[in-house]
Amino acid sequence: MKLALFGGIYSNALALTEAIRDARQRGADAMYCLGDLGAFGPHPDRVFPLLHEHDIACVQGNYDDSIGNERDDCQCGYTDPRDNHFAQISYDYTLARTSDAGKRWLRQLPREIRLSVDGLRILLCHGSPRRTNEFLWESTTSTAFLERLCRQADTDIIAGTHSGIHWMRRLSGGRCYVNAGVLGRPENDGKTNVWYAMLRTGPDADRSDRMSGRPAWSVDFVPVSYDFRQLAEQMRQESLPDEFIETILTGWWTTCLEILPSRERRAGRW
Amino acid sequence: MMPTPETSPHIELRSLDELWFQVAGTVCNLTCHHCFISCSPRNHSFEFLSYDQVERTLRESLEYGVREYYFTGGEPFLNPDLTRMLIRTLDFGPTTVLTNGTVLQDDWLDRLRRAEQNSRYSLEFRVSIDGPSPDINDPIRGNGTFVRAMRGVSRLCRAGFLPIITMTQTWDDRQTGPILSRFRDILKQHGCDRPRLKILPRLKLGAEQQRTEGYGVTERVTPDMMRGFDRDQLLCHHSRIVTSRGVFVCPILIESPDARMGSDLSDSMQPFEMKHGACWTCWQYGTICTNTTWMKSPTVEARSS
């Protein structure tokens, strides 16, 4: 099986469209979204029809819980005043422009999706299996901790998003953690593309991964190019902050920087 | 109404996410007037941990699935084995060291930077400086400490680290904005082009209790306050600290006998009675001791709570 895993969309319908096209072209059997459909970008309601039309099952992210239930803030978990300032601008915009039907749909999304595929137990979540808004960064998450999360969640593979940068770690016993990255904005690497993950299981896994005698899986991280200039133009027309537009145009994060561990922070420009 | 010990809530250890080492005990080259455990050059109530103690505990920690490790004191770099301990810990997980920045040496930092580059995990430095100038910092931390600590910050930045500066707030809330802004400028002047600042509340214990005042009898957590409260915001819900005198519930309460949870990790897993004034400060401000800040959203409940 080939499972396309989309991380946070952040209202980037242009990137979502390209990711769906790419995943179809690669022969995806199913597509999933790991939550945070709105935020950051323009026109949040443009994302919902794409998800419905292409049968993309979604996990509820912290943003979806907030918008769906009309909470005061996005629950992203920032504490720096500047980060919170920009997060609130984005949240107020998204809350005001999400339709009632969209909010109803977001409200009823599940906190996790469990799959059983080719002998593998797969858990799709937003932050971590135990907490929707838990950041799992590559440099600040020990292998022993991921092993424990898998044990406690009784699963072989955990897939999440939330932190915005893709990574994966192979664990003992043929288990694995995958962070799918996000479709909503670039990865703070000076490139304008965004990312999703393709999980291939059973006969679709790499030959080398099929030799272990255990249920097999392989993960590809797929870069997605899209019309980022058009997105920037839409954001300008919606009067979204210049700082957000700069991120889309340059590939460098300009906000939400204080939450980054030092290694991930050093990889960026600011 | 004044809570009695009988009404203090108990908090269970959900999981051991962060493991702390009181690696320099209560020995410090400084004698800060607000230190919550009264560290000084002469306070030997807690002694240094040995390399073997740390190694043994790291191995023991694997079965608990510890997410990250923290080293504190006293001043951790007074322990002559610290560099070796930090390098070893980077084999196990993300590592943070809390320092006053005044005794750092370039060759230690170069070795640590190389070790971090060879590890999959980050090594974070938290440097305690209580304001952007000697006139705010030095009355609390000692004469000349601002200049010496900033020299340490420059060394860290030159070595390639991005230190987190932690300030204990001793000023009025209205001054916070200007102080942060001024500190960012000062840090940039010292070669820190991406200033990371964290403000901590005062803990009215130890030396601080003498400097200002202790906790009032009503400054306690009650069972009512825990109803619907996101327990992940409390360090005792997911951490323990290893000291020369056993395992304690958190770095703040090591001088309270009832905060000693056992002699090693395996017997430190029982719930803790939150009857201290410091528990009330943690309840107010959230997890103040860790680097990560994801706990600050009470509406997203942990699945397990």
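The values are calculated or read from the model by the stated rules, or taken from the named source; none is laboratory data. For clarity, every value in this text was computed on a predicted model and none was experimentally measured. Because the Cβ atoms are built from the backbone with ideal geometry, glycine has one as well, and the counts that use them run over all protein chains shown. Please note that ligands, DNA and RNA were not included when accessible areas were found on the heavy atoms of the full protein model with its side chains. Shrake-Rupley method; radii C 1.70, N 1.55, O 1.52, S 1.80 Å.
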Task: Residue ID - farthest from the other protein chains (Cβ to nearest Cβ), chosen from residues in the stretch A:138-154 that are surrounded by fewer than 21 Cβ atoms within 10 Å (Cβ to Cβ) and of a type outside the set (Lys, Arg) - done: A:Asp154
TODO: Give the residues of the stretch B:1-49 that are modelled with pLDDT under 90 and outside any loop (DSSP other than H, G, I, E, B), sorted by residue number.
DONE: B:Pro5, B:Glu6, B:Thr7
- [ ] Those residues that are over 17 Å from A:Ala267 (Cα atoms), open to solvent by less than 10 Å² (accessible area, probe 1.4 Å) and out of contact with any Phe, Trp or Tyr (no Cβ under 7 Å at 6 or more places or on another chain), I need them from the stretch A:165-208; list them, please.
- [x] A:Tyr177, A:Val178, A:Met198
Task: Given (1) at pLDDT 95 or above; (2) crowded, with 17+ Cβ neighbours inside 10 Å; (3) more than 9 Å from every other protein chain (Cβ to nearest Cβ), number of the condition A:Glu70 does not satisfy - done: (2)
- [ ] Would you mind finding the one in A:Leu106, A:Leu95, A:Leu120 that is of a type in the set (A, V, I, L, M), buried (at least 17 other Cβ atoms within 10 Å of the Cβ), in contact with a strand residue (DSSP E or B) (Cβ under 6 Å, 6 or more places away or on another chain) and at negative phi?
- [x] A:Leu120
Task: Qualifying residue in the stretch A:81-100 (condition: among the β-branched types (Val, Ile, Thr), in a loop (DSSP other than H, G, I, E, B) and at pLDDT 95 or above) - done: yes
Open item on the list: So A:Met31 ticks every box in (1) free of Cβ contacts under 8 Å to residues at least 40 places away in the same chain; (2) in a helix (DSSP H, G or I); (3) under 30 Å from A:Asp204 (Cα atoms) but one. Which box is left unticked?
Closed with: (2)
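Sort out for me the strands (runs of 3 or more DSSP E) sitting completely within the stretch B:102-214 that have 1 or more residues that are open to solvent by less than 20 Å² (accessible area, probe 1.4 Å) and among the hydroxyl-bearing types (Ser, Thr, Tyr).
B:164-168
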Open item on the list: What's the number of the only condition in (1) without any contact (Cβ under 8 Å) to a residue 40 or more places away in the chain; (2) of a type in the set (S, T, N, Q); (3) within 11 Å of chain A (Cβ to nearest Cβ) that B:Thr96 fails to meet?
Closed with: (1)
